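The values are calculated or read from the model by the stated rules, or taken from the named source; none is laboratory data. Note that the coordinates shown come from a computational prediction; the quantities given were computed from them, not determined experimentally. Note that we place each Cβ from the backbone using ideal geometry, even for glycine, and neighbour counts take in every protein chain shown. The area values use the complete protein model at the heavy-atom level, side chains included, leaving out ligands, DNA and RNA. Shrake-Rupley method; radii C 1.70, N 1.55, O 1.52, S 1.80 Å.
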Amino acid sequence: MNIFHLRFVIIFASIFIAAFSIYLMFCAWPLPQPQPLTMDLPAASPPKEMAVFKIMTGVNHRSAAFGYRGGSFFDKRDFTMDVLLIKHPKGDLLIDAGLGRDSRVHFKSLPWYFRAITDFDPGRSAADQLKDVGYDEDSLKGILLTHTHWDHVSGIPDFNKTPVWINKEERHFINDGKQLTALIRSFPNVQYKEYAFTDTPYLNFPKSYDVYGDGAIVIVPAPGHTPGSVVIFIALPSGERLAMIGDLAWQQEGVLEREERPWPQRTMGDDNPEQVRENLLRMAAIANRFPQITIVPAHDARGFDKVPDITKIKMKQ
Ligand SMILES: [Zn+2]
Ligand SMILES: [Zn+2]
């Protein structure tokens, strides 16, 4: 073989190895089926006045391949930045704050490599959308965070009177999360309200916190994406159930097809990918046993399909 042929073989082999590595990172690779659950759906007695509304605060232009293994690069998807308003007679809650009025400025707090792969369009902030419909901010008891990444906290400064509900693990992560939590660290005068889990299991999660004691809003720890990430189970008076999984998966396929994020995304975005796997499988077992529970990732508009938009809210005169 002469030197020309040798070079050709080396170049060809390098291209092949690179293409095969990319294929291995992004190809479908479902996690094993979890043990089936046998328990019943936990009882809940949500008050009849309880209701939920979605507030979409912007979109991130992505592809399915970005979100989960086996997703196609050609399947272009807008990953939405969603907030949920829960109206409850004991006090309303927002789940996450979404992109706020200053999200363009907030974006600059992110690591360069994340900015380089992010193409987002902010919409109207949650605070402005609530104002548009005449919502009284005093009814808001707290902003309950699924976790403290920028796209879930950017709207916090727009609510200057509302406490931010958080658990101990995520509170520590604000200080330990380096650039990934630089944004929330930079907010002055955030009023934190720390809640704690009890040893009461909920479904197949070992700990839980039942916010109003009626089973309507139950938080469970689901660490991995960040150390204090949570899943919030919601039971509505209509009998509907939602599982707000935050960024445990970015798209429903993460749970329903048991596909974790591709290697680059979980390396950059997940604090502990092993724990993410464990909790994806916990949620997959729940989805298998209780298909009536809608799996709602924070960035997947399909999960919010049945949730009315904030513009549909009826205010008391
Ligand atoms: Zn996140
Ligand atoms: Zn997110």
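Multiply the residue separation of ASP75 and THR267 by 0.36 nm, subtract the distance between their alpha-carbon atoms, and state the gained length in nm to one decimal. Numbers along the way, then the final one.
Numbers: separation 192, 0.36 × 192 = 69.12 nm, distance 2.24 nm.
So the chain would gain 66.9 nm between ASP75 and THR267.
For CYS27 and GLN292, compute 0.36 nm times the residue count separating them, minus their Cα-Cα distance, and round to one decimal in nm.
Values: separation 265, 0.36 × 265 = 95.40 nm, distance 2.90 nm.
Net length gain for the segment: 92.5 nm.
Would you please give the FRET efficiency between LYS48 and ASP119, computed as 1/(1 + (r/R0)^6) with r the Cβ-Cβ distance and R0 = 41 Å, to the nearest 0.05? Write out the running numbers ahead of the final one.
On the way: r = 43 Å, r/R0 = 1.04.
E(calc), rounded to 0.05, equals 0.45.
Please list, in chain and number order, the residues 5+ apart from GLY70 or on another chain whose amide H is under 5 Å from its amide H, with Hs placed from the backbone.
Under 5 Å from the amide H of GLY70 lie the amide H atoms of CYS27, ALA28, each far enough along the sequence or on another chain.
Note down the nm distance, to one decimal, between modelled labels 7 Å out along Cα→Cβ at SER63 and at ASP102.
Label-label distance for SER63 and ASP102, simple model: 3.6 nm.
Between VAL307, VAL59, VAL296, find the one with the highest GNM mean-square fluctuation for the chain; connect C-alpha pairs within less than 10 Å.
VAL307
Name the shape class, rounded, prolate or oblate, that the alpha-carbon gyration tensor gives for segment 30-84, where a ≥ b ≥ c are the square roots of its eigenvalues, rounded holds for a/c under 1.5, and otherwise prolate holds if a/b is larger than b/c and oblate otherwise. Intermediate results must be reported in sequence, preceding the final value.
On the way: a/c = 5.55, a/b = 1.25, b/c = 4.43.
Since a/c reaches 1.5 but b/c is at least a/b, the shape of segment 30-84 is classed as oblate.
Among MET25, MET56, MET268, which one shows the highest mean-square fluctuation when the chain is modelled as a Gaussian network with alpha-carbon springs under 10 Å?
MET268
For the residue pair LYS168 and ARG302, what label-to-label distance in nm results when each label sits 7 Å from Cα along the Cα-to-beta-carbon direction?
Spacing of the two 7 Å Cα→Cβ label points: 3.9 nm.
Take the residue pairs LYS193/LYS312; LYS90/LYS161; LYS168/LYS312; LYS193/LYS306; LYS108/LYS314 and return only those whose Cα atoms are more than 27 Å apart. Provide the component values of the computation, followed by the final result.
On the way: LYS193/LYS312 30 Å; LYS90/LYS161 17 Å; LYS168/LYS312 35 Å; LYS193/LYS306 30 Å; LYS108/LYS314 37 Å.
Cα-Cα > 27 Å for LYS193/LYS312; LYS168/LYS312; LYS193/LYS306; LYS108/LYS314; rest within.
Taking each full run of DSSP H in the chain as one helix, which ones are at least 27 Å long along their axis (Cα atoms) and have mean Kyte-Doolittle hydropathy of at least 1.6?
On the way: long enough: 3-26 (35 Å, 2.18).
Helices passing the filter in the chain: 3-26.
Under a point spin-label approximation (7 Å from Cα along Cα-to-Cβ), what is the ALA18-ASP136 distance to one decimal in nm?
Rounded to a tenth, the inter-label distance reads 6.2 nm.
Accessible area per residue, 1.4 Å probe, Å², for the chain: what's the number? The partial results should precede the final answer.
Working: 15070 Å² over 317 residues.
That works out to 48 Å² for each residue.
Using 0.36 nm per residue, how much length does the chain from TYR192 to THR311 gain when fully extended, once their Cα-Cα distance is taken away? Don't skip to the end; give the middle numbers.
Values: separation 119, 0.36 × 119 = 42.84 nm, distance 2.88 nm.
Residue separation times 0.36 nm, minus the Cα-Cα distance, leaves 40.0 nm.
LYS131: which aspartates and glutamates have alpha carbons under 20 Å from its alpha carbon, excluding same-chain residues fewer than 8 sequence positions away?
Qualifying aspartates and glutamates at Cα under 20 Å: ASP82, ASP92, ASP96, ASP102, ASP158, ASP309.
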